[in-house]
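Here is the structure we will look at.
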Amino acid sequence: MRIDVVTIFPEYLAPLRAALLGKAIERGLIGVHVHDLREWTHDVHRAVDDSPYGGGPGMVMKPQVWGEALDEVCGPERIAAEGRPPRLVVPTPAGRPFTQRLAREYAEEEWLVFACGRYEGIDERVVTDAARRMPVDEVSIGDYVLVGGEAAVLVIVEAVVRLLPGVLGNPASAAEDSFSDGLLEGPCYTRPEQWRGLAVPEVLRSGNHAAIARWRRDRALERTFHRRPDLLAALPDEALDRHDRAV
Ligand code: SAM
């Protein structure tokens, strides 16, 4: 998978090269290209923002700079080289919620381009124009407002890349994580059996795989019921069996 990120703070994206993501780069599973938006400015101040039409506080990112940047990063020449257009992801609190489902969808893509906004955001016409040439998603990572899109990109890329084949040591861990079956994952434990007067639940030490699977499912259902009843309500009827309903 090829990942391009356009930002005014390239150094903010350094963690894309750390830990699991760094290993994925080393092993050739992903290619990461971070671009400084200011490279596409033409004035001495390298300005990327201007005051908003209609007045109001804050500044808006200029369409000309973004237009030139995206023309180069994912314009016709690059699209020809890659063989297909990328999916352009624009983080914004006003976007569709980023979920595990969307992470799985992105993990199927060969090329993702991220456009990091700052200030009040990017001039609306940039997205409208880009959508003439490629699929564009405006995506929110939660109902709160960050200072810029960079932290959102780190979140999205990490969630996506760990789903790529070969990235996680044990692919089953992604399959059993929270949200994969629509529920939150229940508690987990490791050695020692007793710690500060707290014991690991007996069943997990029993070796009875069926009982362990049932216990895990029950705890996942309980946790989801208490913390995220919205997830339970969204499950289709057939997702819950007779035992589940008794929990
Ligand atoms: N004026 C915008 C609004 O009210 O919707 C907020 C702009 S925010 C201060 C600046 C940038 O941070 C946005 O353009 C976006 O790139 C990023 N951002 C902030 N909150 C975000 C969120 N919850 N999800 C994704 N990106 C976010």
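Every number here is computed from the coordinates shown, using simple stated rules; none is lab data. Just so we're clear, the structure is a prediction, and the values are computed from it rather than from any experiment. Note that each Cβ is placed from the backbone with ideal geometry, even for glycine, and that neighbours are counted across all protein chains shown.
Quick look at the numbers
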item: Zero-based 10 Å bins, Cα pair distances in the chain, whole percents; result: 6, 25, 28, 20, 13, 7, 1, 0
item: Extreme residue, positive dipole direction of the chain, given options 200, 179, 152 (C-beta unit charges); result: 200
item: Rounded to 10°, Cα long-axis angle of helix 150-161 versus longest principal axis of the chain; result: 50
item: Among 96, 205, 27: highest mean-square fluctuation, GNM of the chain, C-alpha pairs under 10 Å; result: 205
item: Proximal charge balance of residue 78 [Cβ under 13 Å; K/R count +1, D/E count -1]; result: -3
item: Size of charge dipole - segment 194-247 - debye, nearest 20, with Cβ of Lys, Arg +1 and Asp, Glu -1, no other charges; result: 320
item: Test item: Cα-centred dipole of segment 2-161, Lys/Arg +1 and Asp/Glu -1 on Cβ, debye; result: 400
item: Mean separation of Cα contacts under 8 Å, 6 or more apart, over the residue count of the chain: relative contact order %; result: 18
item: 3J(HN,Hα) from dihedral phi, segment 84-98, Karplus parametrisation 6.51/-1.76/1.60, rounded to Hz, x for glycine, proline; result: 6, x, x, 9, 8, 10, 10, x, 7, x, 8, x, 6, x, 7
item: Helical contribution to [θ] at 222 nm, DSSP H n ≥ 4, -39,500 (n - 2.57), averaged over the chain, rounded to 500; result: -10000 deg cm²/dmol
item: Mean Cβ neighbour count within 10 Å, used as a protection proxy, ranking 231-238, 68-75, 32-39, 79-86 highest first; result: 68-75, 32-39, 79-86, 231-238
item: Selected from 104, 87, 219 as most flexible by GNM, with the chain as the system and alpha-carbon contacts under 10 Å; result: 219
item: For the chain, with +1 on Lys and Arg beta carbons and -1 on Asp and Glu, the positive-most of 32, 113, 20 along the dipole; result: 20
item: Convex hull per residue volume in Å³, alpha carbons only, for segment 1-76; result: 124
item: Principal-axis tilt of helix 63-74 within the chain, Cα atoms, nearest 10 degrees; result: 60
item: Computed magnitude of the charge dipole of segment 93-247 (debye, nearest 20; Cβ of K, R +1, Cβ of D, E -1); result: 620
item: Lys/Arg +1, Asp/Glu -1 at C-beta; segment 2-161 dipole; positive extreme among 10, 61, 79; result: 79
item: Most fluctuating residue given options 215, 111, 195, as computed from a GNM of the chain linking Cα atoms under 10 Å; result: 195
item: Cα long-axis angle, helix 209-227 against the chain (0 to 90 degrees, to the nearest 10); result: 50
